[in-house]
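A.B. asks: I'd like to ask you about the structure that follows.
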Amino acid sequence: MNIYKKMKAAYAHSIDPDSFLTKENEWEYLYNMSPVRQNILRWCEFKEGEKLLELGAGTGIITEFFSSQGLAVTPVENDPEKQEILRTRFRTVGKTDVLLRDITSDKPVDHSYDYVSMIDCFSPEYLDLAVQFLKPTGVIFIAVENKFADPVWSRKEKDDIYSLSELETIIMERGFKIRRIYYPSPDHILPMEIYSEPDDSLSASYLLICESVHRSEEYAKDKLFYAKFNNFRKSQFQTATYIRQQNDGKRYVVKHPITSDAEDIINKMEDTYEILIGEKADSPGKYYKNIKILKGKNTEEGEYFSYLKGESLDSGVDVSKDTLDVIKSKLSYSLDIMFDINDDYFCTFEPTKSFGKIFGLNNITGLKTVASKTGKSIKALKMSNYDSVFGNFMKTDDGVYCLDYEWFFDFPIPFSFLKYRALSVYYHDNESSLLKRASKEEFMKLFGFGELEIAIFDSMEDSFQKYVFGKNRERLYLERYRASNEGHDKRSGLERINKGFHKLHMIGKSKVYNALNHRTTASTDYRNYQERRLAELTAEVEGDYNTWIRKCDSEYKVPSSYKYNPLISVVLYDINDEHGIADKTIDSVKESRYMNYEVTSIGSVSGEYVLFIKRGDTLSQSALSEVVGAINSDSDLSFIYSDEDTQNENGIREAGFMKPDWSEDTFLSSGYTGTMGVFKTSDVKEYIKKCSTEDNFLREMSRIGLYGLVLSVIRKGHVRHIPRVLYHTNGYEVHTDKVLLERFLSNNSIRAEVIEEDGGYLRVNYDLKVEEMVSIIIPSKDNYDALKKCVDSILSKPHKGSFSFEIIIVDNGSTPENKKKVEEFVKSVSDEAGIGRRSEVLGKIKIGLQRFKYIYEPGDFNFSFMCNRGVDEAEGNYLLFLNDDIEASDNLWLTRMLGQAMQPHVGAVGAKLLYPNTKLIQHDGIICRSRNPVHLFSHQDDSDELYFGFNRIDRNVLALTGACLMVEREKFRRVGRFDENLPVAYNDVDLCFKLYESGYSNVLRNDAVLYHHESMSRGLDIDKEHFDRLSQEKTKLYEKHPELEDLDPYYNPYLTRVKTDADYAFERFNVYEVRILQGDENIRRGSNVLCEIDMARLDGDIVIEGWAFEPGSLYNPDMKVEVLLEGVPDPDLGSGVLKTYRSYAVTTTKKRRMDVAEKYKSETAIEFSGFITRFDKALIEEGTYSISILYEDRKYVTPESITI
């Protein structure tokens, strides 16, 4: 059912909005139905009968509040669906006086409204209407986002939000001013608190109170200083607390009932006051011996209290400096003051029905057990102020005052429990400091509480929270909506419900309290803890490179002897040796395990091979051995290079450059092979001759390293990369030379322009052959708007270079309306380009668009078939396969790709794809490791230089996305075109694999930049059917190319397989334990953890990845989870077949998940909420297993499963 129809039906049948919201998690329901939205103006002092014009009323959630306040509200809403819901909700409750108004045709009398509101709908046009219809003494309410803060619930783009200074200007231009600014928290959409001053963090929203600049007095007598709303309690307990400030600066407090049901708890406070001061009939007398009671006054708005200045009872404790003994002493003294209660109130504890109802019948049994074990009766209070916590008692010049007594019970409660609760709240409020020295249990034991008491008292507090919140604990749906809409906004509604999780909020459970209170998390103690743990986790997760690389080195056994033991001449280069750094290099050579070497000058070389190394760099002990091993495997090698890293004076190694296997195009751009290399002596001498003298050769090497020498030998082939760190430098340097590269290209009859770019990188822009045509083939169906944007972006600017192109759209069955749109668009473009009548000609050369063809053949989606069908109709020698959701960014991309594709050694050519309106990378080449092709640098910021400039240089890759892929027609035909047995996925990877296996090099042009509106064409592959299809097509891919299952020559084996950021493979040494759960291990479901499984993959090993955190907890960095695999019965087995299904728990390691931290911005310290496990499938029985998260003996179920 349509979302708005479902809302309308809910109101038509008078379904309680909160009950409805607990069962749904679409954002639109929360936005339009949550009573929390009314808090934004709930604090205002409206007068019955005042007129309010509500602009952008939506479906009427705030209209409902205005009406309940007795305001004559006129809602204005332009959306017909929302109008119908608004009418329904007020018609159902008999509110016939709330009528929608179309102020464009049915204008109100000018200057007739006391208020105009624009809640989450500000626009200058609305402001003009507000000015027109507002009384001269009227007020405008504007609630908007803070443009420069991270959003909480808002979905607006930054470009659509006005800054505060822009708002001030717009408002001033209309003769108004901002009288006051309030700061809703967490934001203006679902506010739970409102501040008159911003807190330490950047406020997400503003509430602006605006008046005419000509008005001298303020619209209200008293200013709001602070407001807090308890919406999530039971209806009869929902209250708000306001602190207001009079014009003379005096403040006062108002406790206000949010619902009519809550009026009783507010009114009851006057009776409680009389009991406390001993003036209530039948009371035992005055409650406190020396404490004064802050008197309230019942007003129309609620209970009114004076605002006292002073210090709370615990203010003398410094938790960051005081020892535990000092803290105990100070708090014990404060407890004595707070619980100095008159003797007449004490009694022996006897359980009552009221006690069992509020504190749990099960806890009565527990208390009886305590009494039985001690042999003593339990001391209790006949009546109790349950709000007896340190923060509710104020030390003033006039004595100690009790500020709050909202929760007062008239039945016996154990006296020790009240003290326990005060200490428990204190501990949780200061947990970040105390936890380092004592757990909560240890802290409570300091004050004499035993383990049994602690368990019972915690259970009593939990029962109290259930009493306060009741079923409304489920009404705390905010986190569930956040999970569904931030993390999974593209999933179906049913799947979101299956994956919906929500956290339990409990007053006094300050893991939640602290997480919501920014001021607490900003404390020095917590920041110190957080910084320490994040540093520890960074070292643990992202690894200590020095330790890791030494472990990697220790894996290899270097042979002690070889069949062929050539003399290696080690030559140091770099003329500059001011500090005698050559000695360090020579010393490292002397430690070599291979002994047949000489350290010599270039003029005295006598070995068959020369190893060049820069002065100051050092060789590893096994370097020469590894080189000789490579020579033994191929005596024709003309050039050998290896990986490298840096090493400081203390021997600490850092910044390893794990390089690809030989990549000619990557080398031309960057000279990536480094400053150490091995060459045949004969080739070196030949190159020296070209340099005229040895001195010229050495000077060249001092300037550009080995770049020129490598260029001189690469056409001979037989280049070998040793994927191990064989030398250490003082820092990676780019060594290239524009002149030498131009000479190399010219000598090889390659016409091109070489551009020198920042950082020493070079760009080779190849000349185009005259009169070449590119056939741009675009598969598309029912995606007209995106298709039009794609084609318009191609045609928007003349492309550089003398070539022509055609566009061929292949449609597999758009609707008649969309088909007609495309046909008309093709005709319009063709007519405008003069296709069929004339050609734009430069001399005799055709350039630009020459042909625009639309092929309409309904059928199942098969990307491969559609591309091949387009090729059948194509006339060009070069084919560009382009998704219909690609948008070109300039007029150079096609020229650069075409020039590259024209090179004889090149197979496929790809482009860098960014997400729209961002610098975030969507595609920068595909890496293929562990049967899992993925996009390199996915979602990383292209503004940064990533992995030694790999997002800057043109480089070789094993595969490219078919979203933008060019290939020469003849090469495409030669390798067998797209495989139509791969209809949806991996067909582009398969084509690239075939080109690679045929000897061609696939190249990514990082200067060809386009935008990819990813998944607009077909949606995401997320459901089981799609997942199974992907799995089947991946299996087909690797059945065709088994040698590439675990091989990507352009992605070093020492780089990570579990991320896409080209980090080191720190996971290489992770050890995961698999244990069989015993039959007596009864694991119950938990409910206070948000979690998800991102990937469950079987590729030899079982790999499972996901994330998990406890909402509201400050200590998620300490959270350790396991993966729980539970056997699922096989439906193919008959009911009479008995089979025992085992369950397994598998340990995990943490993983950094910035995406999760970004999605759940309201949470604290969840940067390392990710986890991964990898284990041998032989460790568990074959079968199908459900996948859950196991944490603290509770399981958190996910919809995922895996079959082994």
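The values are calculated or read from the model by the stated rules, or taken from the named source; none is laboratory data. Small disclaimer: the values here were computed from a predicted structure and weren't measured. Methodologically, a virtual Cβ is constructed for each residue, glycine included, from the backbone with ideal geometry; neighbour enumeration extends over all protein chains shown.
A.B. asks: Quick check on Ser67: is it touching a residue at least 24 places away in the same chain (Cβ under 8 Å), of a type in the set (Gly, Ala, Ser), surrounded by 22 or more Cβ atoms within 10 Å (Cβ to Cβ) and not in a loop (DSSP other than H, G, I, E, B)?
C.D. replies: Numbers: touching a residue at least 24 places away in the same chain (Cβ under 8 Å): yes; of a type in the set (Gly, Ala, Ser): yes; surrounded by 22 or more Cβ atoms within 10 Å (Cβ to Cβ): no; not in a loop (DSSP other than H, G, I, E, B): yes.
It is false that Ser67 is touching a residue at least 24 places away in the same chain (Cβ under 8 Å), of a type in the set (Gly, Ala, Ser), surrounded by 22 or more Cβ atoms within 10 Å (Cβ to Cβ) and not in a loop (DSSP other than H, G, I, E, B).
A.B. asks: What is the residue count in region 115-128 for residues that are touching a residue at least 60 places away in the same chain (Cβ under 8 Å) and either loosely packed, with under 13 Cβ neighbours inside 10 Å or not hydroxyl-bearing (Ser, Thr, Tyr) (or both)? Full working, then the answer.
C.D. replies: The first filter runs over region 115-128 and keeps only residues touching a residue at least 60 places away in the same chain (Cβ under 8 Å), leaving 115-121, 126.
The next check asks that each one be either loosely packed, with under 13 Cβ neighbours inside 10 Å or not hydroxyl-bearing (Ser, Thr, Tyr) (or both); those that pass are 116, 118-121.
Within region 115-128, residues that are touching a residue at least 60 places away in the same chain (Cβ under 8 Å) and either loosely packed, with under 13 Cβ neighbours inside 10 Å or not hydroxyl-bearing (Ser, Thr, Tyr) (or both) number 5.
A.B. asks: A further question follows. So is Lys685 among the charged types (D, E, K, R) and in a loop (DSSP other than H, G, I, E, B) or not? Walk me through how you get there before you give the answer.
C.D. replies: Numbers: among the charged types (D, E, K, R): yes; in a loop (DSSP other than H, G, I, E, B): no.
Spelling it out, it is not the case that Lys685 is among the charged types (D, E, K, R) and in a loop (DSSP other than H, G, I, E, B).
A.B. asks: In region 544-570, how many are among the β-branched types (Val, Ile, Thr), within 20 Å of Tyr594 (Cα to Cα) and at pLDDT below 85?
C.D. replies: Here is the first cut: in region 544-570, the ones among the β-branched types (Val, Ile, Thr) are 547, 549, 558, 568, 570.
Going one step further and asking which of them are within 20 Å of Tyr594 (Cα to Cα), we end up with 558, 568, 570.
Next, from what is left, pick out any that are at pLDDT below 85: 558.
So the answer is 1.
A.B. asks: Please state which one of Asp872, Asp831, Asp884, Asp860 is acidic (Asp, Glu), farther than 16 Å from Asn1006 by Cβ and buried (at least 16 other Cβ atoms within 10 Å of the Cβ).
C.D. replies: Details: Asp872 fails: buried (at least 16 other Cβ atoms within 10 Å of the Cβ); Asp831 fails: buried (at least 16 other Cβ atoms within 10 Å of the Cβ); Asp860 fails: buried (at least 16 other Cβ atoms within 10 Å of the Cβ).
Sole residue among the options that is acidic (Asp, Glu), farther than 16 Å from Asn1006 by Cβ and buried (at least 16 other Cβ atoms within 10 Å of the Cβ): Asp884.
A.B. asks: From the set of residues in region 542-566 that are in contact (Cβ under 8 Å) with a residue 24 or more places away in the chain, assigned to a helix (DSSP H, G or I) and not aliphatic (A, V, I, L, M), which is farthest from Tyr609 (Cα to Cα)?
C.D. replies: For region 542-566, the residue satisfying everything is Glu542.
A.B. asks: Is it true that Thr59 is in the same structural domain as Glu173 (by TED's automatic domain parsing) and surrounded by 23 or more Cβ atoms within 10 Å (Cβ to Cβ)?
C.D. replies: On the way: in the same structural domain as Glu173 (by TED's automatic domain parsing): yes; surrounded by 23 or more Cβ atoms within 10 Å (Cβ to Cβ): yes.
Yes, satisfied.
A.B. asks: Let me ask something additional. Scan region 764-773 and tell me whether some residue there is out of contact with any Pro (no Cβ under 6 Å at 6 or more places or on another chain), assigned to a helix (DSSP H, G or I) and not assigned by TED's automatic domain parsing to the domain that holds Ile652. Full working, then the answer.
C.D. replies: Residues of region 764-773 that are out of contact with any Pro (no Cβ under 6 Å at 6 or more places or on another chain), as a first pass: 764-773.
Cutting the leftovers down to assigned to a helix (DSSP H, G or I) gives us none.
No, the conditions are met nowhere in region 764-773.
A.B. asks: When region 890-909 is examined, which residues are found to be farther than 17 Å from Ser802 by Cβ and in a loop (DSSP other than H, G, I, E, B)? Please lay out each step first, then the result.
C.D. replies: Taking region 890-909 first, the residues farther than 17 Å from Ser802 by Cβ are 890, 903-909.
Across region 890-909, the qualifying residues are Asp890, Gln903, Pro904, His905.
A.B. asks: Please specify each residue of region 21-56 satisfying the condition of being hydrophobic (A, V, I, L, M, F, W, C) and either buried (at least 19 other Cβ atoms within 10 Å of the Cβ) or at pLDDT 90 or above (or both). Show your work before the answer.
C.D. replies: Initial filter on region 21-56 (hydrophobic (A, V, I, L, M, F, W, C)): 21, 27, 30, 33, 36, 40-41, 43-44, 46, 52-53, 55.
Residues satisfying the conditions are Leu21, Leu30, Met33, Val36, Ile40, Leu41, Trp43, Cys44, Phe46, Leu52, Leu53, Leu55.
A.B. asks: So which of Tyr345, Tyr333 is loosely packed, with under 15 Cβ neighbours inside 10 Å, modelled with pLDDT of 90 or more and aromatic (Phe, Trp, Tyr)? Show your work before the answer.
C.D. replies: Values: Tyr345 fails: loosely packed, with under 15 Cβ neighbours inside 10 Å.
Among Tyr345, Tyr333, only Tyr333 is loosely packed, with under 15 Cβ neighbours inside 10 Å, modelled with pLDDT of 90 or more and aromatic (Phe, Trp, Tyr).
A.B. asks: Would you point out which residue out of Ser780, Ser749 is out of contact with any His (no Cβ under 8 Å at 6 or more places or on another chain) and closer than 20 Å to Gly899 by Cβ?
C.D. replies: On the way: Ser780 fails: closer than 20 Å to Gly899 by Cβ.
Only one candidate passes the filter, namely Ser749.
A.B. asks: Given the conditions (1) under 50 Å from the mean Cα position of the chain (by Cα); (2) buried (at least 19 other Cβ atoms within 10 Å of the Cβ), report the number of the one that Tyr287 does not fulfil.
C.D. replies: (1)
A.B. asks: With modelled with pLDDT under 90 and either on the phi > 0 side of the Ramachandran plot or not assigned by TED's automatic domain parsing to the domain that holds Lys800 (or both) as the only criterion, which of Glu733, Glu686 stands out? Steps first, answer last, please.
C.D. replies: On the way: Glu686 fails: modelled with pLDDT under 90.
Sole residue among the options that is modelled with pLDDT under 90 and either on the phi > 0 side of the Ramachandran plot or not assigned by TED's automatic domain parsing to the domain that holds Lys800 (or both): Glu733.
A.B. asks: Hey, could you check region 352-385 for residues that are free of Cβ contacts under 8 Å to residues at least 40 places away in the same chain and in a loop (DSSP other than H, G, I, E, B) and say which is farthest from Val317 (Cα to Cα)?
C.D. replies: So the first thing to find is which residues in region 352-385 are free of Cβ contacts under 8 Å to residues at least 40 places away in the same chain, and the list is 353, 356, 361, 364-365, 368, 371-372, 374-380, 384.
With in a loop (DSSP other than H, G, I, E, B) added as a condition, the list becomes 375-378.
Details: Gly375: 36, Lys376: 33, Ser377: 33, Ile378: 30 Å.
The qualifying residue farthest from Val317 (Cα to Cα) is Gly375.
A.B. asks: Let me ask something additional. Write out, first by first residue and then by second, each pair whose Cβ atoms fall under 6 Å of each other, whose residues are 6+ apart or on separate chains, and whose first residue, in region 620-631, is touching a residue at least 24 places away in the same chain (Cβ under 8 Å) while the second is of a type in the set (Phe, Trp, Tyr) and crowded, with 19+ Cβ neighbours inside 10 Å.
C.D. replies: From residues that are touching a residue at least 24 places away in the same chain (Cβ under 8 Å), the pairs are Leu624/Tyr594; Leu624/Tyr597; Ser625/Tyr594; Val628/Tyr594.
A.B. asks: Yes or no: region 50-59 includes at least one residue that is part of a helix (DSSP H, G or I), touching a strand residue (DSSP E or B) at 6+ places or on another chain (Cβ under 6 Å), closer than 26 Å to Thr239 by Cα and of a type outside the set (Gly, Ala, Ser).
C.D. replies: no
A.B. asks: If a residue must be touching a His at 6+ places or on another chain (Cβ under 8 Å) and in a loop (DSSP other than H, G, I, E, B), how many such residues does region 631-654 contain?
C.D. replies: Looking only at that region, the number is 4.
A.B. asks: In contact (Cβ under 8 Å) with a residue 24 or more places away in the chain and assigned to a strand (DSSP E or B) - does that describe any residue in region 937-950? Break it down stepwise before answering.
C.D. replies: Step one: filter region 937-950 for residues in contact (Cβ under 8 Å) with a residue 24 or more places away in the chain, giving 937-940, 942-943, 945-950.
Next cut, assigned to a strand (DSSP E or B) only: none.
Scanning region 937-950, I find no residue that is in contact (Cβ under 8 Å) with a residue 24 or more places away in the chain and assigned to a strand (DSSP E or B), so the answer is no.
A.B. asks: While we're looking at this one, here's another question. Which of the residues that make up region 394-445 are in a strand (DSSP E or B) and closer than 21 Å to Gly316 by Cβ? If you could, list the steps in order and put the result at the bottom.
C.D. replies: Here is the first cut: in region 394-445, the ones in a strand (DSSP E or B) are 394-396, 399-402, 408-409, 413-414.
Met394, Lys395, Thr396, Gly399, Val400, Tyr401, Cys402, listed by residue number.
A.B. asks: Being in contact (Cβ under 8 Å) with a residue 40 or more places away in the chain and assigned to a loop (DSSP other than H, G, I, E, B) narrows it down to one residue among Leu1004, Leu995, Leu982, Leu991; which is it? Reasoning before the result, please.
C.D. replies: Numbers: Leu1004 fails: assigned to a loop (DSSP other than H, G, I, E, B); Leu995 fails: assigned to a loop (DSSP other than H, G, I, E, B); Leu991 fails: assigned to a loop (DSSP other than H, G, I, E, B).
The conditions single out Leu982.
A.B. asks: Would you check which residues across region 353-381 are more than 30 Å from Tyr307 (Cβ to Cβ) and buried (at least 16 other Cβ atoms within 10 Å of the Cβ) and list them? Before you say what the answer is, go through the steps one by one.
C.D. replies: Our first condition is that a residue be more than 30 Å from Tyr307 (Cβ to Cβ); within region 353-381, this holds for 353-380.
Selection gives Phe355, Ile358, Phe359, Gly360, Asn363, Ile364, Gly366, Leu367, Val370, Ile378, Ala380.
Let's see how each residue does on (1) β-branched (Val, Ile, Thr); (2) free of Cβ contacts under 8 Å to residues at least 24 places away in the same chain; (3) not in a strand (DSSP E or B):
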residue	(1), (2), (3)
Lys1150	no, no, no
Asp1155	no, no, yes
Lys1161	no, no, yes
Glu1167	no, no, yes
Thr1173	yes, no, no
Ala1178	no, yes, yes
Glu1181	no, no, yes
Ile1189	yes, no, no
Thr1198	yes, no, no
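A.B. asks: Just give me the residues in region 1046-1100 being of a type in the set (Gly, Ala, Ser) and in contact with a strand residue (DSSP E or B) (Cβ under 7 Å, 6 or more places away or on another chain), in sequence order.
C.D. replies: To start, the set of residues in region 1046-1100 that are of a type in the set (Gly, Ala, Ser) comprises 1062, 1065, 1079, 1086-1087, 1096, 1100.
If the condition is that a residue be of a type in the set (Gly, Ala, Ser) and in contact with a strand residue (DSSP E or B) (Cβ under 7 Å, 6 or more places away or on another chain), then Ala1062, Ala1065, Gly1086, Ala1096 are the ones that fit.
For every residue, the table says whether it meets (1) in a loop (DSSP other than H, G, I, E, B); (2) in contact (Cβ under 8 Å) with a residue 24 or more places away in the chain.
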residue	(1), (2)
Gly656	no, yes
Phe667	no, yes
Asp695	no, no
Met701	no, yes
Ser712	no, yes
Arg715	no, yes
Ile722	no, yes
Gly731	yes, yes
Thr736	yes, yes
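A.B. asks: So, one more: Could you please let me know if Ser112 is surrounded by fewer than 17 Cβ atoms within 10 Å (Cβ to Cβ), modelled with pLDDT of 90 or more and not aromatic (Phe, Trp, Tyr)? I'd like the intermediate steps shown before the answer.
C.D. replies: On the way: surrounded by fewer than 17 Cβ atoms within 10 Å (Cβ to Cβ): yes; modelled with pLDDT of 90 or more: yes; not aromatic (Phe, Trp, Tyr): yes.
Judged against the criteria, Ser112 is a match.
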